[in-house]
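The values are calculated or read from the model by the stated rules, or taken from the named source; none is laboratory data. What you see is a predicted model; the values in this text were computed from it and never measured. As a convention, Cβ positions derive from the backbone with ideal geometry for all residues, glycine included, and neighbour counts pool all protein chains shown. SASA here: full protein model, heavy atoms, side chains in, ligands and nucleic acids out. Shrake-Rupley method; radii C 1.70, N 1.55, O 1.52, S 1.80 Å.
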Amino acid sequence: MNLSFQWLKEYLNITASPQEIGVLLTKHAQEVAEVRPLFKASFLALAQVLSVEPIEGSKNKKCTVNVNGQQKTIVCGASNVAKDQTVIVALPGATLPGGKKIEVTQLAGISSEGMICSLSELGINPKFIQEEGIHVVQGPFNAEALEDMIIELDLTPNRMDLLSVLGCAYEVGALTHQKVKLPLISVTESATKNPYEIKIETDDCHAYYGRLIENITVKESPEWLKVRLMAAGIRPINNIVDITNYVMIDLGQPLHAFDHDQLTSNIIRIRNANAKEKFTTLDQQVRTLTEKDIVITDDHYPVALGGVMGGLDSEVTPDTVNVFLESALFEPKVISKTSRRLDLRSESSMRFERGVSPDRVLLALNKAAQLMAELGSGTVAKGVAEAVKKPAPPRQIEITLAKINQTLGVPLSALDIETIFDRLELPFKVQNERYQVAVPPRRIDLEIAQDLIEEIGRLVGYDHLPSHLPSTVSEGQLSPVQKKRRQVKTHLEGLGFSEVITYSLNQEKKDLPFIKTSKPVSILRPLNEANQTLKQSLVPGLLDVISYHQARQIEDVMIYEWSKSYQTDGESERLGLAMMGRVNEPSWNLTKAVDFYQIKGMVEHVLSLYGVEASYHPLDLKGYHPHQSALVVVSGKTVGQMGHVHPLVLRDYDLENVFVAELDVATLALVEKTSPAYHPVSKMPFVKRDVAFTVPLTMPASDLVDGIHQAQIDALQNVEIIDVYQGSPLKENEKSITLRVYLSKEGHTFKTEEIDQRIKSLTDALITSLKITQRL
Amino acid sequence: MKEFETIKQRFLESLSACKSDAEIADLKAEYLGKTGVLTALMQQMKDLPADEKPKHGAAVNAIKVFIEDEIIRFKEKKYQERLTEKLASEKLDITLPGNQQTPGVRHLLNQIVEEIEDLFVGLGYQVKEGPEIETDENNFEKLNLPADHPARDMQDSFYIDPHTLLRTHTSPVQVRTMIEKGGLEPVKIICPGKVYRRDDDDATHSHQFMQIEGLVVDQNTSMADLKGTLLKMAQAMFGEDRTIRLRPSYFPFTEPSVEVDVSCYQCEGKGCSLCKQTGYIEILGAGMVHPNVLKMSGYDPDKYQGFAFGIGVERIAMLRHGIEDIRHFYTNDHRFLKQFKR
Ligand SMILES: [Zn+2]
């Protein structure tokens, strides 16, 4: 809402400055975005053009003007400047928008004492300007309007009452302790009887009033009216349209003017549209209506889309002589739906959908009719045609002083409350500190006790509330899942991974290589093709980040993301890891390229934080290298996958050699863990022995380890794989694996023979079960 | 006993000439061995008168101890000399960088989330999380936003089907928590998480962002409690000296509703370009929980009241660090992320 300060002053005696009112509104009512002058220049004055003389050899003209009784000479280049015009001049000392300074200058040997201005030179939005050249003031105009200020309010949807100057006046009045001066509106009626008859045949229209204004002249509006509309941000068109807009801004009630002579009868019937009914709105679009829309008909044809837009055929044109003026009350929800469906949002529809004040419907009609007669040199026919449903009685809200104070947390007195209700002009009754407020129609936003508490709170000023913490005593702590998440993240960062956050929406096809079954969650109206489904795997997002870095010559990247993945059967927390390049920062003496075992080590690290160990099985997912990837299984449950990303997938990202892992941390957190019992630390020394075997190249090392455990050797504590070797003198299809075996037994010191005997039974067991040879 | 002194003298000269452990061993044998100098000296004893024997024996023993000590001392000295030489040969260029594993960093948004979580956990709050795919009922209807509410226009959303959408705020977690508590006990929670709105991405808009909402419901929770809580958070986020300002606003789920500004930390409230000359910067929305919201989640609004607030994590990060484009958070450029080490 652009509130003209001078317009506001018609309702209130304001001594404060517009800026001060702006601060008060922001603090106590609604945020003021800006307080700015309507004409963005100082030293402006009205002037009468006394004479215009051509200057030889120039298209400029020497103008003599009268400014407040003083004659001044101004050289002007505009072609439309003429004797007897009233114009706006910027006098020496003025600064125009864009920084242009006005001073006395010599032009063609003539001393020019200012500038005759066009509206655009005064900072008026070009969309409001219909003319070319300097601005010629039409009709009566008070020079004070040149100094008007605009208070631009950012309104929240509940304060529809501030969508009018009168509504703002009530608010500013409450803030400055003043009562609004309501102007008396009297309509001078002619002898002609208003011939119209109104019939409401829908539940969606609550009141409809109409007047006939005859013998008017459609023409340009007087200056004061045009300036008011420009201040409100509305483009002046002609006197009839401008008056409907003026009254709408003034009182908040949208109006519609029909060309009386284009209506085919004097019966106005308001009904719901028929399904698929066609109607041409005044923007020349053919609209297809539904039974939810409201149409105004002249008994034969629809002539307006109720509350949204008029029809092309009955529009007021320059040739219009007689006007039928409508002021009505429509159901807000219906207007909202219609205007949204047809994408016809206007100042009118906005007011209707937020709810207009029922007590101003007739007032607005009369004010506009009277103005039309005055500014269009016409007459208002006798009487108002109307159809009005019984209005609801004023809403009553009850509230106690105790509830007010308990909610705000501040001890207010009964007098405080009553003063505030008076300032807001809310009628109330009080008994035993229990208030009953009768809500006036202009404040239909006030529905419940809490709405009144807000009125009181904001008028008292939230600055005056004390500050303290809730007295509720409760235990604050993170859940075990949240603690574990933070611990794992901290470890990963210690290992060199940085956290990334990527978008949840992507494309199903990017996930496909990394998931077993696609069950995508799709968005009904995606913003674009790349944002159609929710991610089912974290890997594509990580690859995108890696690809971004690769493209910028950053080739060592270790990242993780902790995020949900989403499928039609639910969303679950996952951890994704991705590595490319070297493990540590580029170094002069140590570089280790990422490989399968690096990422596997990271996975093992994470699993150890969950207190679990996994087994690794061949993985069958298209996105992974067929021989450098693994399914991670814990206690028989799949908890993730990891490995080298398949080169064909990486090619789409312009990448090579990226290793990733994706773990289902939600499942990991649920894996049953038995907390291990305490064992005293053994005082016995360990015996270490290394044994090497020559095995087929394809044999997994885990077969040897498993084989040793199955052999159940006495005193065996642990087995480690300490070396894997391929090459001479081994055959091409062979490799050598060296194991380190740890033996220890409580209360026993091993003799060499005892050790040898155990190692022998161990090697014999492996040789027999795996058909391999010991390498000596 | 001049002879003894001469032996000592001669031994020391030989010892200092030794070049290796083997030469020292030979020298030791020459003096202390079975056929060595000291054995010969001991043999002289039998030719001495009885009263001189003990004195002679003691003197020979003293030389033996002397020689053994000198050998140990000499060996230690030689060892230290060799070590010094070795250390000198091991001189490194200490200015070359170390072989470190540079730690990674937590994403700035999660750093801020954790900071706020820690603050509120310290104040006795629980951290509650919930699904991002929500029902229309939990995301809108139970928050006093029925299907035709004009405010739904304020948050155009990603629907999955007519009843399911990506949550537009973390408020549904509040609804879920209240329902879980059955309307019978106080609630004191914060709810961090990802939320989604159908906005085109630009420098100040993101279709995905992070939010933290807070909710306290009890029998006497007041707006003054809300103000104190928000002041504490503003000071934790923007510095001890900050003040806050509450302005009237509108949210369908709270009544009264306020917009909360923090005093500008750049100009100390005097007015600058950051605060658009107002001295204040808007940081969050808050209010007293609307009685309809309490009712729909099983709390009797005549017995219970409460406050709620919601804060955008990106906004806090952008304000605190002067970050100019919200898309940086989701581009994940290392050179951006690594600037925010804790
Ligand atoms: Zn500032």
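When restricted to residues that are of a type in the set (S, T, N, Q) and near the ligand (Cβ under 7 Å from one of its atoms), segment B:251-281 contains 1. Scoring A:ASP416 on the criteria (1) more than 13 Å from every other protein chain (Cβ to nearest Cβ); (2) open to solvent by less than 50 Å² (accessible area, probe 1.4 Å); (3) not in a strand (DSSP E or B) leaves a single failure, condition (2). B:ASN220 satisfies every condition listed in (1) within 7 Å of chain A (Cβ to nearest Cβ); (2) modelled with pLDDT under 95; (3) under 31 Å from the mean Cα position of the chain (by Cα) except (3). Of the residues making up segment B:230-250, those that are in a helix (DSSP H, G or I), more than 13 Å from the ligand (Cβ to nearest atom) and touching a strand residue (DSSP E or B) at 6+ places or on another chain (Cβ under 7 Å) are B:LEU230, B:LEU231, B:ALA234. Selection within segment A:137-184: residues that are open to solvent by 30 Å² or more (accessible area, probe 1.4 Å) and among the hydrophobic types (A, V, I, L, M, F, W, C). The member of this set that is farthest from A:VAL356 (Cα to Cα) is A:ALA143. Is one or more of the residues making up segment A:14-28 at positive phi, not aromatic (Phe, Trp, Tyr) and not in a strand (DSSP E or B)? No, because not a single residue in segment A:14-28 is at positive phi, not aromatic (Phe, Trp, Tyr) and not in a strand (DSSP E or B). Scanning segment A:444-458 for residues that are open to solvent by less than 10 Å² (accessible area, probe 1.4 Å) and either in a strand (DSSP E or B) or touching a residue at least 40 places away in the same chain (Cβ under 8 Å) (or both) turns up A:LEU446, A:LEU452, A:ILE453, A:ILE456, A:GLY457, A:ARG458. Could you check segment A:519-543 and list, in sequence order, the residues that are of a type in the set (S, T, N, Q) and either out of contact with any strand residue (DSSP E or B) (no Cβ under 9 Å at 6 or more places or on another chain) or open to solvent by less than 40 Å² (accessible area, probe 1.4 Å) (or both)? Those that are of a type in the set (S, T, N, Q) and either out of contact with any strand residue (DSSP E or B) (no Cβ under 9 Å at 6 or more places or on another chain) or open to solvent by less than 40 Å² (accessible area, probe 1.4 Å) (or both): A:ASN528, A:ASN531, A:THR533, A:GLN536, A:SER537.
Here A:TYR616 passes the criteria (1) touching a residue at least 12 places away in the same chain (Cβ under 8 Å); (2) assigned to a loop (DSSP other than H, G, I, E, B); (3) open to solvent by 40 Å² or more (accessible area, probe 1.4 Å) except the one numbered (2). Within segment A:647-656, the set of residues being more than 36 Å from the chain's Cα centre (by Cα) and either surrounded by fewer than 16 Cβ atoms within 10 Å (Cβ to Cβ) or hydroxyl-bearing (Ser, Thr, Tyr) (or both) comprises A:PRO647, A:LEU648, A:ARG651, A:GLU656.
Report whether or not A:GLU662 is open to solvent by 20 Å² or more (accessible area, probe 1.4 Å), under 28 Å from A:MET579 (Cβ atoms) and acidic (Asp, Glu).
Values: open to solvent by 20 Å² or more (accessible area, probe 1.4 Å): no; under 28 Å from A:MET579 (Cβ atoms): yes; acidic (Asp, Glu): yes.
In short, no.
In segment A:126-175, what residues are part of a loop (DSSP other than H, G, I, E, B), in contact with a Gly (Cβ under 8 Å, 6 or more places away or on another chain) and away from chain B (no Cβ under 14 Å)? Within segment A:126-175, just A:SER164 meets the criteria.
For residues that are of a type in the set (A, V, I, L, M, F, W, C) and open to solvent by 50 Å² or more (accessible area, probe 1.4 Å), scanning just segment A:419-443, find the one that is nearest to the chain's Cα centre (by Cα).
The first filter runs over segment A:419-443 and keeps only residues of a type in the set (A, V, I, L, M, F, W, C), leaving A:420-421, A:424, A:426, A:428, A:430, A:437-439.
Subsequent filtering for residues that are open to solvent by 50 Å² or more (accessible area, probe 1.4 Å) retains A:428, A:430.
On the way: A:PHE428: 39, A:VAL430: 42 Å.
Per the criteria, the residue is A:PHE428.
Is it true that A:ASP706 is in a loop (DSSP other than H, G, I, E, B), at pLDDT 85 or above and out of contact with any helix residue (DSSP H, G or I) (no Cβ under 6 Å at 6 or more places or on another chain)? When the stated conditions are applied, A:ASP706 does not pass them. The set of residues in segment B:282-303 being within 16 Å of the ligand (Cβ to nearest atom) and in contact (Cβ under 8 Å) with a residue 40 or more places away in the chain consists of B:ILE283 alone.
Any idea which residue in segment A:399-412 is nearest to the other protein chains (Cβ to nearest Cβ), counting only those that are in contact with a Leu (Cβ under 9 Å, 6 or more places away or on another chain) and in contact (Cβ under 8 Å) with a residue 12 or more places away in the chain? By that ranking, first place goes to A:GLY409. Test each condition in (1) outside any loop (DSSP other than H, G, I, E, B); (2) within 10 Å of another protein chain (Cβ to nearest Cβ) for B:SER157 and report the one that comes out false. It fails just one condition, (1). The set of residues from segment A:736-750 being open to solvent by 30 Å² or more (accessible area, probe 1.4 Å) and at pLDDT 90 or above comprises A:ARG740, A:TYR742. Taken over segment A:751-776, the criterion of being at pLDDT below 90 and part of a strand (DSSP E or B) is satisfied by A:ARG775 alone. Taken together, the residues in segment B:318-335 that are more than 10 Å from chain A (Cβ to nearest Cβ) and farther than 20 Å from A:SER563 by Cα amount to 8.
Tell me, yes or no, whether segment B:197-208 has at least one residue that is hydrophobic (A, V, I, L, M, F, W, C), touching a Phe, Trp or Tyr at 6+ places or on another chain (Cβ under 8 Å) and in the same structural domain as B:MET318 (by TED's automatic domain parsing).
Of all residues in segment B:197-208, those hydrophobic (A, V, I, L, M, F, W, C) come to B:203.
The next check asks that each one be touching a Phe, Trp or Tyr at 6+ places or on another chain (Cβ under 8 Å); those that pass are none.
No, segment B:197-208 contains no residue that is hydrophobic (A, V, I, L, M, F, W, C), touching a Phe, Trp or Tyr at 6+ places or on another chain (Cβ under 8 Å) and in the same structural domain as B:MET318 (by TED's automatic domain parsing).
May I ask you to say which residue of B:LYS91, B:LYS75, B:LYS86 is in a helix (DSSP H, G or I), farther than 30 Å from A:TYR503 by Cα, of a type outside the set (A, V, I, L, M) and without any contact (Cβ under 8 Å) to a residue 40 or more places away in the chain? Quick ask: steps written out before the conclusion?
Working: B:LYS91 fails: in a helix (DSSP H, G or I); B:LYS75 fails: without any contact (Cβ under 8 Å) to a residue 40 or more places away in the chain.
So the residue among B:LYS91, B:LYS75, B:LYS86 that is in a helix (DSSP H, G or I), farther than 30 Å from A:TYR503 by Cα, of a type outside the set (A, V, I, L, M) and without any contact (Cβ under 8 Å) to a residue 40 or more places away in the chain is B:LYS86.
Tally time: how many residues in segment A:381-413 are more than 21 Å from B:GLU255 (Cα to Cα), open to solvent by 90 Å² or more (accessible area, probe 1.4 Å) and out of contact with any strand residue (DSSP E or B) (no Cβ under 6 Å at 6 or more places or on another chain)? Spell out how you get there, then give the answer.
First, the residues of segment A:381-413 that are more than 21 Å from B:GLU255 (Cα to Cα): A:381-394, A:413.
Imposing the further condition that a residue be open to solvent by 90 Å² or more (accessible area, probe 1.4 Å) reduces the set to A:382, A:386, A:390-391, A:393.
Now restrict to residues that are out of contact with any strand residue (DSSP E or B) (no Cβ under 6 Å at 6 or more places or on another chain): A:390-391, A:393.
The qualifying residues number 3.
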